[in-house]
Amino acid sequence: MGFEMKKTTIVLLVTLFFLASCSAPSPQHADLLLVSTTSTQDSGLLDALLPAFTNRTGYNIQLVAVGSGQALKIGEQGNADVILLHSPAAEKEFVANGLGIDRRLVMHNDFVIVGPASDPAGIRGKSPVDALKQIYASHATFVSRGDESGTNVKELALWKNAGLDPAGQDWYLETGQGQGATLSIASEKNAYALTDRGTYLAYRANLELDILVEGDPFLLNVYHVITVNPEKWPKVNLEGAKAFADFITSAEGQKIIGEFGVKEYGQPLFIPDAGKTDAELGLP
Amino acid sequence: MLFDPEVWQITLLSLEVSGLATLISLVIGLPLGTWLALGKFHGRSLLMSVVNTGMGLPPVVVGLFVALMLWRSGPFGDLKLIYTPAAIVIAQVIISFPVVTGLTAAALQALDPRLRLQLLGLGASTAQMVLMLWREARLPLLAALMAGFGAVISEVGASMMVGGNIRGQTRVLTTSIVLETGKGNFDIAIGLGVLLLTITFLVNWALTVIQQRGAKR
């Protein structure tokens with residue numbers, strides 16, 4: 001009986017090993033280092049996208065989710081293979097400086113201005129710029145990321161468009177934290193904040209914040225994928241990076257993106273954009 | 001960086017918050033540790049184990065607990081303490097008082113038990129006896145204080161969670177380091193790290209000088 005058991009075990013192990021080794025194609029350099037912004041992780045999109053990518057290609061993704069500022073720095077120092085982020089101006093500079101190649105449009109979602117339902121500054125339905133002017137004039141509390149993330153950069157651009165500089169005002173709070181934590185603080189402080197819609201929807205259940213301003217073309221949040229330049233950093237997994245960029249811009253990847261969140265929130269969190277041009281989305 | 005007033009405001013806040021938390025921990029931990037070391041009661045070793053476990057409390061767990069208490073949805077939400085320096089002090093006290101308590105108990109238990117009997121035999125009151133024991137154990141007691149301070153000046157998880165890292169209000173050295181790293185400003189992050197270490201060193205140096213002066217007596 002002991003022998004039979006052993007035999008069964010061996011057969012089982014061999015079968016498992018065989019299954020494990022042929023269930024996915026195994027590329028030469030199986031590890032792929034993806035640096036992405038916190039918004040894609042906080043919303044849960046990458047949890048849906050990455051396993052599908054691994055199944056399809058066999059690459060094992062190591063994901064580092066950080067603010068856009070840090071993501072670009074990490075890429076600049078060659079500590080990433082591929083980057084997924086939403087700071088178009090900084091991205092263009094990154095590619096122009098020879099640090100990245102093969103920048104492709106992936107998807108967009110949009111920013112919204114959220115605040116307490118009581119809306120003390122009266123910004124509901126206003127344009128983003130008018131809303132900020134109202135907030136500034138009424139000294140209502142506004143919570144900023146203050147971390148040079150893509151969202152923070154967008155917020156500062158909005159203030160600039162409004163011709164205002166809120167820095168140093170006592171009603172202007174800079175958290176230096178991710179979107180989720182910043183929304184929690186805004187909710188606790190009955191304050192306004194700029195956020196991407198995805199993170200807001202994912203956290204909405206725990207927040208006492210409503211969407212007050214939305215739908216302005218200036219509030220689009222566009223994501224690109226960039227490969228770190230292998231000529232500068234030879235250790236970059238170029239094949240893996242290309243496979244990733246191919247996958248998330250493929251029909252399969254775009255379908256996952258377009259369907260993500262529909263079941264849970266009744267609306268997609270991201271709109272797939274592969275194949276479109278920047279200009280079609282109103283980017284410079 | 002050193003000429004930036006914001007850096008000094010952050011440094012001062014770190015010292016104030018962690019200094020106050022350490023002081024409160026001392027006020028709680030010294031009597032509690034003494035009671036644990038000298039008292040005879042049921043469940044003493046259980047309580048000791050609880051305190052010793054508390055010495056290794058993960059700051060982020062403490063932060064989560066304090067945040068749950070202080071959020072508007074929590075039982076103490078009406079106090080409006082969340083995202084204030086007071087909230088950080090509360091969390092840091094929870095982190096550091098078990099350290100002070102546990103090390104105080106260990107310091108007093110390391111004393112020769114006959115000393116206590118002798119003091120009582122010489123007619124000392126309980127209060128006099130405890131004061132004499134503290135005096136006798138002053139070196140390890142100061143070490144307990146330094147360990148308590150070291151635990152809170154260096155923690156980031158709780159400060160981030162209950163303080164919110166709000167610029168000019170609750171941003172301390174450790175949370176600024178996380179932020180600057182997040183921005184990719186590694187040079188500033190390293191500078192702040194060196195500043196933090198320098199300050200911790202200076203505080204511990206001052207305490208050590210007091211401690212060693214005590215040793216010579």
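Read-outs throughout are calculated quantities, based only on the coordinates presented, and are distinct from any laboratory measurement. Model, not experiment: these values are computed from the prediction. Glycine gets a Cβ as well: all are built from the backbone with ideal geometry, and neighbour counts include every protein chain shown.
Within the shell defined by Cβ-Cβ distances under 12 Å, the residues around A:Arg204 carry a net charge of -2, with Lys and Arg each +1 and Asp and Glu each -1.
Ranking A:Ile113, B:Leu141, B:Leu196 by Cα position along the charge dipole of the protein assembly as shown, where only Lys, Arg, Asp and Glu carry charges on their C-beta atoms, puts B:Leu141 farthest toward the positive end. The long axis of helix A:45-57 is offset from the longest Cα principal axis of chain A by roughly 30 degrees. The modelled label-to-label distance between B:Leu46 and B:Ile199, using points 7 Å beyond Cα along the C-beta direction, is 4.1 nm.
Computed over neighbours whose Cβ is under 15 Å from that of A:Leu99, the net charge equals -1, Lys and Arg +1, Asp and Glu -1. Our note on the geometry: Cα centres of the stretch B:1-35 and the stretch A:85-137, 38 Å apart.
In this label model, A:Ile211 and A:Ala89 are separated by 2.6 nm, measuring between points 7 Å along each Cα→Cβ vector. Counting only alpha carbon atoms, the long axis of helix A:128-138 and the longest principal axis of chain A meet at about 50°. Computed from the C-alpha gyration tensor, the three semi-axes of the ellipsoid equivalent to the protein assembly as shown are 49, 32, 22 Å, from longest to shortest. Legend: mean number of C-beta atoms from other chains within 10 angstrom of residue C-beta atoms, peptide B:164-173, equals 6. Take the Cα of A:Val262, step 7 Å toward its Cβ, do the same at B:Asp187, and the gap between the two points is 4.9 nm. A Gaussian network model of chain A, with springs between Cα atoms under 10 Å, assigns the largest mean-square fluctuation among A:Asn190, A:Asn229, A:Asn161 to A:Asn161. In a reduced charge model with +1 at each Lys and Arg Cβ and -1 at each Asp and Glu Cβ, the protein assembly as shown shows a dipole moment near 2100 debye about its Cα centre. Within the same chain, aspartates and glutamates fewer than 8 places from A:Lys255 are excluded, and of the rest, those with a Cα less than 13 Å from its Cα are A:Asp273. The angle between the Cα long axis of helix A:150-161 and the longest principal axis of the Cα atoms of chain A comes to about 20 degrees, rounded to the nearest 10. The residue among A:Phe218, A:Phe260, A:Thr199 whose Cα reaches farthest toward the positive pole of the charge dipole of chain A, with charges on the beta-carbon of Lys, Arg, Asp and Glu, is A:Phe260. Straight-distance candidates among the lysines for linking to B:Lys80, with alpha-carbon spacing under 21 Å and chain neighbours fewer than 8 residues away dropped: A:Lys189.
Which distance in Å, rounded to a whole number, links the C-alpha centroids of the stretch B:160-217 and the stretch A:166-192? After rounding, the separation between the Cα centres reads 24 Å. Highest mean packing first, where packing is the average number of other Cβ atoms within 10 Å per residue, the peptides B:141-152, A:113-124, B:18-29 line up as B:141-152, B:18-29, A:113-124.
Over all residues in A:126-134, what is the mean tally of Cβ atoms on other chains that come within 10 Å of each residue's Cβ? List each step's numbers first, then the result.
Working: counts 0, 0, 0, 0, 0, 0, 0, 0, 0.
Mean partner-chain Cβ count within 10 Å for A:126-134: 0.
What is the calculated FRET efficiency for A:Val64 to B:Thr126, with r their C-beta to C-beta distance and R₀ = 45 Å, to the nearest 0.05? Don't jump to the answer; show the numbers that get you there.
On the way: r = 58 Å, r/R0 = 1.30.
Taking R0 as 45 Å, the efficiency between A:Val64 and B:Thr126 is 0.15.
The order of the peptides A:71-79, B:176-184 by mean Cβ neighbours within 10 Å, most packed first, is B:176-184, A:71-79.
Would you work out the relative contact order for the stretch B:42-112, in percent, from Cα pairs under 8 angstrom that are 6 or more residues apart? Don't skip to the answer; put the middle values down first.
Working: 43 pairs, mean separation 27.1, N = 71.
Result for the stretch B:42-112 is 38 percent.
Look at the dipole of the protein assembly as shown built from charges on Cβ: of A:Gly176, B:Thr181, B:Val51, the Cα furthest out on the positive end belongs to B:Val51.
Of A:Lys242/B:Lys183; A:Lys92/A:Lys154; A:Lys154/A:Lys276; A:Lys73/A:Lys154; A:Lys126/B:Lys183, which ones are farther than 24 Å apart at the Cα?
Details: A:Lys242/B:Lys183 27 Å; A:Lys92/A:Lys154 15 Å; A:Lys154/A:Lys276 22 Å; A:Lys73/A:Lys154 19 Å; A:Lys126/B:Lys183 31 Å.
Checking Cα-Cα distances, A:Lys242/B:Lys183; A:Lys126/B:Lys183 exceed 24 Å.
Of the DSSP H helices in chain B, those with a Cα length along their own long axis of 18 Å or more and a mean Kyte-Doolittle hydropathy reaching -1.0 comprise B:5-38, B:85-109, B:138-153, B:186-216.
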